[in-house]
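Values in this text are rule-based calculations from the coordinates and carry no lab data. Quick caveat, the model's predicted, so the values are computed rather than measured. Here the Cβ positions follow ideal geometry from the backbone for every residue, glycine too, while neighbour counts run over all protein chains shown.
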Amino acid sequence: MSDFAAAPLAKAEQAAFRVLVVDDDPDMAGFLVRLLLQQGLQAETAADGRSALEKIAAAPPDLVLLDVQMPGPDGFDICRRLKGQEATALLPVVLLTALEDQDSRVRGIEAGADDFLSKPVRREELIARVKTLRRLHETRKELEGRRLAAEVLEKEAIRKAFSRYLSPRLAERVLRDSPRGEDVFRDLSDRAAVVALFADLRGFTRLSETVPVSSIVPMLNEFFTVLTAAVHENEGTVFSMAGDSMLVGFNVPVTQVDAAARAVTTGRAIIQRFGPVAARWQAEHGLSTGIGVGIESGEVVVGNVGAPSFMSYTIIGDPVNVAARLMQRAAPNELLIGPNAALAVNSMLARSAPLERRAVELKGKAEPVEVVSLKIAPAGGRR
Amino acid sequence: MSEPITVVVAKDLEDLVPTFMKNRGKELETLRAALNAGDVEQLRQLGHRMRGVGTSYGFEKVSVLGKQIEDGAGAGDRAGLAARIVEYSDYLARVKIVYE
């Protein structure tokens, strides 16, 4: 019936605050848009409830001026829908009602309206209300921004803490499942079935006596870098690096049904990848090095151990001790797998060659322990 | 000819007013048609719209007549509605706009 009295979409040059005017009367919509533009705001119009919802979904404005009486979904319906959806619940909505229409105001409050504007519209009232809501909206946005920034910082701190132990991929998974890590490290101590892997550098004591002191730390760092890369690829958790040895756990802190297989694969990868480094060190310093690995599985205590000022997330128990002693007994570039871990990877070991089963005496064990020995050829052909 | 009725409208609305007045003319025709058809709901809606938009632009009489038409439709006062529509027609014919 009517011609449109104003441009449907108009932008003020420096405005960032966007207002959607929803009114089926083009004269009223044009009037409101004109006043908003004069205040340096952006303004857009929608002639009915349906197109208003579409425009809000496509590009949520900062404020909605909403007429109550419209064809299709009326102002109350629109307001209720906006306030009922998480994405638009905080979007300020001002209902346009007749001054004396108290029933509409009550219905508007029930629908969640933030404010009301009387029709006929007085420009001073419109400007005052929009200014107030803009200030509130910007304060709310700023607070939300600060909250998000704090959340990002907190998550980053947790990620850094995790990265001391976990592979980046595993850390991402843990944070995805439990954004604050509370489910993973909730209990200070817990019993869990894990697979422990110990690895240490053979020949390093002699090497450290012959190479310049300034070279020792870079060489150790190179050694641990090779080990850590292999551990992270198999999603193991590094519990400690001490001297020239490393303790790694699998099936902790998250479940890994193939934990023993991951440990054996990691042990192989460690020895193989260290081959080129060992070859270079031999060429440079004339001394032979290799890696001994011990693996065993079983129940351990997992927890944060230490003094309040210095705590370590670690695993303690017989399988850890057995893995450590197997590592000590292992020859350079040998994997010694304890009986429990070997049982778990029986079929995997059956395909491994060369493989040797033997009984070894371990400190603290009354009887010899049946272990599986895997001799691994380092990359580059040395054994 | 009857005396003109002067209405002062804000200067910054000057470019919107021709369309506004054109729409009032169309509105008058629709009011007459709705009255002839006995469509009180449309009369009520049109009155409601007139009430909201009139004074916003500076045309207080449009809002006053709008409220009377809205109320008359609610009360089913056909004679009163007919009188208000005649009054609206007379107003639109006599209105003279001054921009300040």
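Taking every alpha-carbon pair in segment A:235-320 and binning the separations at 5 Å intervals from zero gives 3, 12, 19, 21, 16, 11, 9, 6, 2, 0 percent. Counting Cβ atoms of other protein chains within 10 Å of each residue's Cβ and taking the mean over peptide A:61-74 gives 1.
Between 0 and 90 degrees, the angle of helix B:60-75 with respect to the longest Cα principal axis of chain B falls at about 10 degrees. Give the cross-link partners of B:Lys67 among the lysines, using a straight C-alpha distance below 20 Å as the criterion and excluding same-chain residues fewer than 8 apart. Cα-Cα hits under 20 Å: A:Lys119, B:Lys26. When Rg and the Kirkwood radius Rh are both evaluated on Cα atoms of segment A:270-357, their ratio Rg/Rh stands at 1.09.
Under 27 Å of direct C-alpha separation, and excluding same-chain neighbours fewer than eight residues apart, A:Lys365 reaches these lysines: A:Lys375. Computed from Cα atoms, the angle from the helix A:102-111 axis to the main principal axis of chain A rounds to 10 degrees. Which residues among segment A:290-306 fall inside the zone where the amide N is under 13 Å from a point 7 Å beyond the Cα of A:Ser352, along Cα→Cβ? From segment A:290-306, the list is A:293-297.
Annotation: amide H-H contacts under 5 Å for B:Tyr99 (H modelled 1.01 Å from N, sequence separation of 5 or more, or interchain): B:Val9.
Any chance you could check the Cα centroid distance between segment B:41-100 and segment A:31-104 for me, in angstrom? With segment B:41-100 and segment A:31-104 each reduced to a Cα centre, they are spaced 26 Å. A P(r) calculated from all alpha carbon pairs of segment A:50-180, with 10 Å bins opening at zero, reads 11, 31, 24, 15, 12, 6, 1 percent. When the helices of chain A are scored as -39500 (n - 2.57) per DSSP H run of n ≥ 4 and the total is divided over every residue, the value at 222 nm lands at -14500 deg cm²/dmol. If you take the square roots of the eigenvalues of the alpha-carbon gyration tensor of the protein assembly as shown and sort them as a ≥ b ≥ c, do you get rounded (a/c under 1.5), prolate (a/b over b/c) or oblate? Taking the square roots of the gyration eigenvalues as a ≥ b ≥ c, the protein assembly as shown is prolate. Once the C-beta distance of A:Ala161 and A:Glu125 is scaled by a Förster radius of 56 Å, the resulting FRET efficiency is 0.55 to the nearest 0.05.
Calculate the FRET efficiency for A:Glu172 and A:Glu142 from the Cβ-Cβ distance with a Förster distance of 35 Å, rounded to the nearest 0.05. The value I calculate is 0.75.
Any of A:Lys131/B:Lys22; A:Lys55/B:Lys22; A:Lys131/B:Lys11 with alpha carbons more than 27 Å apart? Name them for me. Distance filter (> 27 Å) returns A:Lys131/B:Lys22; A:Lys55/B:Lys22. Across q = 0.15, 0.17, 0.19, 0.22 Å⁻¹, chain B modelled as identical point scatterers on its alpha-carbon atoms has Debye log10 I(q)/I(0) values of -0.56, -0.71, -0.86, -1.10, in the order of the q list. Nearest 10 degrees, 0 to 90: what angle lies between the long axis of helix A:123-163 and the longest principal axis of chain A (Cα atoms)? Its long axis makes an angle of about 0 degrees.
Residue by residue along B:14-25, Cβ atoms of other protein chains within 10 Å of the local Cβ number 4 on average. Working note: Karplus 6.51/-1.76/1.60 with θ = phi - 60° gives segment A:239-245 the couplings 9, 7, 10, 9, x, 10, 10 Hz, where Gly and Pro are set to x.
When only Cα pairs below 8 angstrom with a gap of at least 6 residues are kept, chain A shows a relative contact order of 11 percent. Between the amide H of A:Phe239 and those of A:Leu247, A:Val248, A:Gly249, distances stay under 5 Å, these residues lying 5 or more places away or on another chain, with hydrogens modeled in the peptide plane. Length gained on full extension, A:Arg135 to A:Gln102: 9.2 nm, using 0.36 nm per residue less the C-alpha separation.
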